[in-house]
1. Across segment 156-165, what is the number of residues that are buried (at least 18 other Cβ atoms within 10 Å of the Cβ) and in contact with a strand residue (DSSP E or B) (Cβ under 6 Å, 6 or more places away or on another chain)?
2. Kindly indicate whether Asp268 is crowded, with 17+ Cβ neighbours inside 10 Å, of a type in the set (D, E, K, R) and not assigned by TED's automatic domain parsing to the domain that holds Glu106.
3. Which of the residues spanning segment 52-65 are in a strand (DSSP E or B) and either aliphatic (A, V, I, L, M) or under 11 Å from Thr191 (Cβ atoms) (or both)?
4. Applying the selection to segment 65-103, what residues are surrounded by fewer than 16 Cβ atoms within 10 Å (Cβ to Cβ) and farther than 21 Å from Thr53 by Cβ?
5. Conditions first: (1) modelled with pLDDT of 95 or more; (2) out of contact with any Leu (no Cβ under 7 Å at 6 or more places or on another chain); (3) on the phi < 0 side of the Ramachandran plot; (4) surrounded by 20 or more Cβ atoms within 10 Å (Cβ to Cβ). Thr53 passes all but one, so which condition is the exception?
6. Can you name the residue in segment 147-170 that is of a type outside the set (D, E, K, R) and part of a strand (DSSP E or B) and is also nearest to Thr209 (Cα to Cα) among such residues?
7. Identify all residues within segment 151-174 that are of a type outside the set (Gly, Ala, Ser) and farther than 18 Å from Arg127 by Cα; write none if there are none.
Amino acid sequence: MRTTTYRVAALAAATALALAACGDNGNGDGDSNGDSTAENGAAAEGDKPFGDTITIGTKIDQPGTGILIEGEYKGMDVDVAKEIAERLGYSEDDITWQESPTPQREDMLVNGTVDMIAATYSITDERKQRVQYAGPYFVAGQDLLVKNDSDITGPEDLDGKSLCSVAGSTPAERVAEEYSNLDIDLSTYDTYTLCMEALAAGRVDALTTDDVILAGYAAQDQWAGQFKVTGNTFSEELFGIGLNQDSEACEAINDIITEMWDDGTMEDIISENLGPADYEASDANPPSPGGHCAGD
């Protein structure tokens, strides 16, 4: 695993352009069956958009959103991807899962390693230069996870503190750009699990990423009662389904996402995966899918 440490002020200039291009302007299975799938506009038999099978990228180490436990993929993103695949005409037996680390996601879509990615994948203009997105299917916000006895309540309290995030992630870029006036010692790892271990060991003072990811970690048995999400979000993250720019499934997936919110499937998925952390989706949900497909 790779680890990088640098000062936020030094990184700010290098990341300013990438952050300015950020698309943040404005991530329970449903009861659908074969009949409802057809009614909801999914591909007819023999007309599946990715062929007879589908390869889906997701995270394998993010509790609550995407995690691999004893050979089984679980989490909000996993359930969203399963539901989308089913409504496109794919059974679970047709799905091959592939880990998609944050720094590798665009490459995996461009080179065809995966057909689509559901992995707390924030939509940004910079990323849209290489890939397209269906969605957003969920709107989250960047926050901080700290130990229960920490006096950190928001990003302004990070001056003179150490912070961890994942290399190449939108949260790391945002902190570097928007809080370059603070003396923050920012360390980046390949995964949030490594950041979580650093936080637990006291090597860093806080972990930053989207609140839904932090809630998933805080709810895990081994961390129960030790950490808290500050609840002071400072961004709006649009989670999308990543696709190769040549894929013709983007608009169909947008329609499916709308249906999933309309019929209650998304609320069920959120409750099943994040309910133990007392997480509630922000008022920015449900989102309005569209505008991020190639050519939009």
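The values are calculated or read from the model by the stated rules, or taken from the named source; none is laboratory data. Model, not experiment: these values are computed from the prediction. In this analysis, Cβ positions are derived from the backbone assuming ideal geometry, glycine residues included, and neighbour counts consider all displayed protein chains.
1. Residues in segment 156-165 being buried (at least 18 other Cβ atoms within 10 Å of the Cβ) and in contact with a strand residue (DSSP E or B) (Cβ under 6 Å, 6 or more places away or on another chain): 3 in total.
2. no
3. Listed by number, the residues that qualify are Ile54, Ile56, Asp61, Gln62.
4. Matches in segment 65-103: Ile69, Glu70, Pro103.
5. Going through the list (1) modelled with pLDDT of 95 or more; (2) out of contact with any Leu (no Cβ under 7 Å at 6 or more places or on another chain); (3) on the phi < 0 side of the Ramachandran plot; (4) surrounded by 20 or more Cβ atoms within 10 Å (Cβ to Cβ), Thr53 breaks only (4).
6. We begin by selecting, within segment 147-170, every residue of a type outside the set (D, E, K, R); these are 148, 150, 152-155, 158, 160, 162-170.
Now narrow it down to the ones that are part of a strand (DSSP E or B): 162-166.
Details: Ser162: 14, Leu163: 11, Cys164: 9, Ser165: 7, Val166: 8 Å.
Among them, the one singled out is Ser165.
7. Answer for segment 151-174, where residues must be of a type outside the set (Gly, Ala, Ser) and farther than 18 Å from Arg127 by Cα: Asp151, Ile152, Thr153, Pro155, Glu156, Asp157, Leu158, Asp159, Lys161, Leu163, Cys164.
Residue-wise test of (1) crowded, with 18+ Cβ neighbours inside 10 Å; (2) in contact with a helix residue (DSSP H, G or I) (Cβ under 9 Å, 6 or more places away or on another chain); (3) in a helix (DSSP H, G or I).
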site: Val204; (1), (2), (3): yes, yes, no
site: Tyr217; (1), (2), (3): yes, yes, yes
site: Phe239; (1), (2), (3): yes, yes, no
site: Asn254; (1), (2), (3): yes, no, yes
site: Leu274; (1), (2), (3): yes, yes, yes
site: Ala284; (1), (2), (3): no, no, no
